[in-house]
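Quick notes on the structure that follows.
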Amino acid sequence: MSSSTALNASRRASELSELAGGAPVDLIVIGGGITGTGIALDAVTRGLSVALLEKHDLAFGTSRWSSKLVHGGLRYLASGHVGIARRSAIERGILMTRNAPHLVHAMPQLVPLLPEMSSASRALVRFGFAAGDGLRKLAGTPASALPRSRRIDAHRAVALSPTVRRDGLDGGLLAYDGQLIDDARLVAAVARTAAQHGAKILTRASASNATGTSVTLTDMLTGESTDVAARAVVNATGVWAGEVDESIRLRPSRGTHLVFDAEKFGNPTAALTVPIPGELNRFVFAMPEQLGRVYLGLTDEDAPGPIPDVPLPTPAEISFLLDTVNTALDTALVADDVIGAYAGLRPLIETGAVRRAGAQRPGDETSTADLSREHAVVESPSGVISIVGGKLTEYRYMAEDAVDRAVALRGLSAGPCRTRNLPLVGAPSNPVATLRSATDLPGSLVARYGAESPNVVARAACDRPTDPVADGIDVTRAEFEYAVTHEGAMTAGDLLDRRTRIGLVAEDRARAEVTAAEFIAELAFRQEKYE
């Protein structure tokens, strides 16, 4: 087992060479999002040899475009999906208390009680929040990690969300859910923990001609290809699953978010949760996020047709989000207030195409907002095992299910699942040693790296490691270096768009781009010099 968590160009070259030389592999995982990295971690900690192949970068696809929430499953309970609601609450608790307490924290959610909200709607929200408290208790998540819901007065509501409409405000209902500092950082932590246990995590490595026992691996940097044999191949490519296995049918749904400077919302400390007019149990959320931003989301729109590498929001979705949140604000936001936007595609299972216990019956729903977030593990005629559907919160459970199926179908010799109590890199109980106290480090760095944060600065060779990469951006130069030397970043885009989220705002991206390119070039030169 490797004890190093570092992903970098040197390790990548060595592991590609091992695979080309015929190194034995029990399991090949295709896809470097949260599901694929979760599968790699689950499998390698059971004693299997694992290679993960990702055509682009870690968290390149849907896994970086979420709401950054670890949902407790309340919405699914309200729609009758009791199993997924219960599992979501359990998995949220595991992340918050065991796997990644450094990355997932309690986020207050404020539903303002405004005159337009009927008594029936208020009662429904109160009942839902009470049910959420019940789910939390059922999952065994302590109130110290996730406080119970309650009613608050108007003064407290305004303190939490300063731009909420005052006219007729009758206080608010306050509940809590899990919030990630960042979804792409979770993917990186899972991938590095898998590497810590010996998995080969290879980005810019395309898999083609997949069968149940082999793939053609192409190094996207050199164009060189080699056939790699394995005892099992798992397709975890999300909305692109049909490109690996043509028997898969998905119905992608687009979720769009808008990005604002937090000052436009009065620098809130709670997520403003606004009912969508005319809908039951659907809301938009204005969520305080890192880098002094608020993300407003989200939509749920059918997205037929070819799957783009980077989905784009539509003007109609932007207008819908603005119109909805403005019903709860004192001063209306306009399109010029939007400083960034992003969209992601959910890999929803096409109704009737792939079903398993717990999935909805064919013909039950027509809207993607109502389609089940249930996942499925299926074997294609070629022997490839595909995992489709599901949601970020349940990635660990989904990975366990996929590895269980691969072990059963291929007769692999593997131990039991260990990930339920396994701390990720950066969690206080992960054995990656810290070299000094975190007390003198920037709080934003500690929020992103947890107990590992002292290492980020202590191992930096760059000048001025704790200086920002650009004025007004609370990402340090040491973080850019560490992303290249330990987190597998290979391009300026990797640094700006996935290891950090600077790239969500075009102005910020432009200011930090030169520094990012300098780090990529300098570290590439340094490696070539010493090889």
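A short reminder: the numbers here are calculations on the coordinates, not readings from a lab. The model shown is predicted, which means the values in this text are computed figures rather than measured ones. Ideal geometry is used to build each Cβ from the backbone, glycine not excepted, and the neighbour counts take in all protein chains shown.
I need the peptides 176-185, 40-49 ranked by packing, meaning the mean over residues of other C-beta atoms within 10 angstrom, with the highest value on top.
Numbers: 176-185: 24.0, 40-49: 25.9.
Descending packing order for the listed peptides: 40-49, 176-185.
Work out how much length D309 to M220 would gain on full extension: take 0.36 nm times their residue separation and subtract the Cα-Cα distance, in nm to one decimal. Could you put the intermediate results ahead of the total?
Details: separation 89, 0.36 × 89 = 32.04 nm, distance 1.57 nm.
Roughly 30.5 nm would be gained on extension.
Note down the nm distance, to one decimal, between modelled labels 7 Å out along Cα→Cβ at F320 and at I339.
So the two model labels end up 2.6 nm from each other.
Going by amide H atoms built from the backbone, whose H comes under 5 Å of the H on E487, apart from near neighbours?
L7
Round to a whole angstrom and tell me the spacing of the C-alpha centers of segment 78-121 and segment 488-519.
That distance is 32 Å.
Could the peptides 82-89, 148-155 be put in order, highest first, of the mean number of other beta-carbon atoms found within 10 Å of their residues? Don't skip to the end; give the middle numbers.
On the way: 82-89: 21.2, 148-155: 14.6.
Ranked by mean Cβ neighbours within 10 Å, highest first: 82-89, 148-155.
Counting only C-alpha contacts under 8 Å and six or more residues apart, can you give the relative contact order of the chain as a whole percent? Working shown, then result.
Working: 1135 pairs, mean separation 107.7, N = 531.
Relative contact order for the chain comes out at 20 percent.
Work out from phi, with θ = phi - 60° and the Karplus expression 6.51 cos²θ - 1.76 cosθ + 1.60, the ³J(HN,Hα) of each residue of segment 240-248, listed in order in whole Hz, and give x for Gly and Pro.
Each residue of segment 240-248 in turn: 9, 4, x, 6, 8, 10, 5, 7, 7 Hz.
Restricting attention to segment 274-331, which chymotrypsin sites (Phe, Trp or Tyr not before Pro) occupy a DSSP loop and are surrounded by at most 14 other Cβ atoms within 10 Å? Kindly include the intermediate steps, with their values, before the conclusion.
Working: sites: F283, F285, Y295, F320; in loops: none.
Taking segment 274-331 and a limit of 14 other Cβ atoms within 10 Å, no loop chymotrypsin sites (Phe, Trp or Tyr not before Pro) are found.
Quick one: net charge of D167's neighbours, Cβ under 12 Å, K/R +1, D/E -1?
Working: positive: R165, R166; negative: E116, D170, D330.
Here the charged neighbours net out to -1.
If I model a spin label as a point 7 Å beyond the Cα along the Cα-Cβ vector, how far apart are those points for N209 and C462 in nm?
Placing both labels 7 Å along Cα→Cβ, they lie 4.1 nm apart.
Roughly what would the spin-label model give for D167 and E18, points 7 Å off Cα along C-beta, in nm?
Taking the two extended label points, one gets 6.6 nm.
Could you give P(r) for segment 100-211, binned at 5 Å from zero, as whole percent values over all Cα-Cα pairs?
2, 10, 15, 14, 14, 12, 9, 7, 6, 6, 5, 2, 0
Ranking Y342, Y449 by Cβ neighbours within 10 Å, fewest first, what do you get? Walk me through the numbers before you get to the answer.
Values: Y342 22, Y449 26.
So the ranking, lowest neighbour count to highest, is Y342, Y449.
How high is the FRET efficiency between A521 and A123 when r is their beta carbon distance and R₀ equals 60 Å, given to the nearest 0.05?
Values: r = 60 Å, r/R0 = 1.00.
After rounding to 0.05, the efficiency reads 0.50.
Per residue of the chain, what 222 nm ellipticity follows from adding -39500 (n - 2.57) for every DSSP H run with n ≥ 4, rounded to the nearest 500? Could you put the intermediate results ahead of the total?
Values: 14 runs with 163 residues, N = 531.
Using -39500 (n - 2.57) per qualifying helix, the result is -9500 deg cm²/dmol.
Arranged by the count of other C-beta atoms within 10 angstrom, fewest first, what order do I30, I307 take? Please list the in-between numbers first.
Values: I30 29, I307 18.
Arranged by neighbour count, lowest to highest, I30, I307 become I307, I30.
Mind listing the phi-derived Karplus ³J(HN,Hα) values for segment 102-118, rounded to whole Hz, using 6.51, -1.76 and 1.60 with θ = phi - 60°, and x for any glycine or proline?
7, 9, 10, 10, 6, 10, x, 10, 9, 9, x, 8, 9, x, 5, 7, 5
Expressed as an acute angle from 0 to 90° and rounded to the nearest 10, what is the orientation of the C-alpha long axis of helix 34-44 relative to the principal long axis of the chain?
50
Near K55, within a Cβ-to-Cβ distance under 13 Å, what is the net charge of the other residues, with Lys and Arg +1 and Asp and Glu -1?
Details: positive: R204; negative: E54, D57, D219, E243, D309.
Within the 13 Å Cβ shell, the charges total -4.
Grab the other residues whose beta carbon is less than 12 angstrom from that of T314, score K and R as +1, D and E as -1, and report the net.
On the way: positive: R254; negative: E301, D302, E317.
So the surrounding residues net to -2.
Compute the distance from the alpha-carbon center of segment 279-357 to that of segment 176-226, in whole Å.
Centre-to-centre distance over Cα atoms comes out at 27 Å.
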